């Protein structure tokens, strides 16, 4: 972290380069707070105004998050999902080069949710096999999934859910999922999700509902994923 005061490169651009390199390191890239402006300006031997020019550029680009009275934090790199080519969560993460960690896995039987009843064409009160998983990167969890499975399918809850879900369904039962219809919304985390995702109850989460069908158009899974808003970006590609 050295500034060359004899260089023709403006000081704020040198500071910007140093900060870019700093926030890309393992120590900072997962959301660590930067030292205070006073500390950084002293370390770099530049004025706070010059340092602020560099910080403002990175804030504008979405790489840093600055909050009055709190400080400046590195923005965690978001995971991106979308609708162009639908994939399972494991496939999405593999494509992005992210090693998935399962923090929690629970299998139970519960009554179908109101959204799932017409989807599965089952009666109110019907119980389904339910899988709940807390997943994320190795450093921290960023999504809490709840999956309800069609009670008319031969799924028992005794399957090996440590394996990729759709691979397991195809291998065990010949169920080949093909289509996912999705609904996206947002809400505040609340106490339950805040504890799971290690965020504040008033922080936003992205809610992603999936209605999953097999290749014959049979309903397979009703899935709700609650994503940390600072760790997931949903993209849509449309062509004309």
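The values are calculated or read from the model by the stated rules, or taken from the named source; none is laboratory data. These numbers were taken from a predicted model, which means no experiment stands behind them. Reconstructed Cβ throughout: ideal geometry from the backbone, glycine too, with neighbour counts over all protein chains shown.
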Counting only residues that are free of Cβ contacts under 8 Å to residues at least 60 places away in the same chain, give me the strands (runs of 3 or more DSSP E) lying completely in the range 92-172 with at least 3 of them.
-> 101-111, 127-136
Any hit, the range 33-44, residues being out of contact with any helix residue (DSSP H, G or I) (no Cβ under 8 Å at 6 or more places or on another chain), at positive phi and surrounded by 14 or more Cβ atoms within 10 Å (Cβ to Cβ) = no
Starting from residues that are free of Cβ contacts under 8 Å to residues at least 40 places away in the same chain and either assigned to a loop (DSSP other than H, G, I, E, B) or outside the structural domain of residue 139 (by TED's automatic domain parsing) (or both), keep the ones in the range 173-187 and report whichever is farthest from residue 120 (Cα to Cα).
-> 174
Being closer than 25 Å to residue 99 by Cβ, without any contact (Cβ under 8 Å) to a residue 12 or more places away in the chain, assigned by TED's automatic domain parsing to the domain that holds residue 109 and within 23 Å of the chain's Cα centre (by Cα), is that true of even one residue in the range 202-222?
-> no
Out of all the residues in the range 188-199, is one or more part of a strand (DSSP E or B) and in contact (Cβ under 8 Å) with a residue 60 or more places away in the chain?
-> no
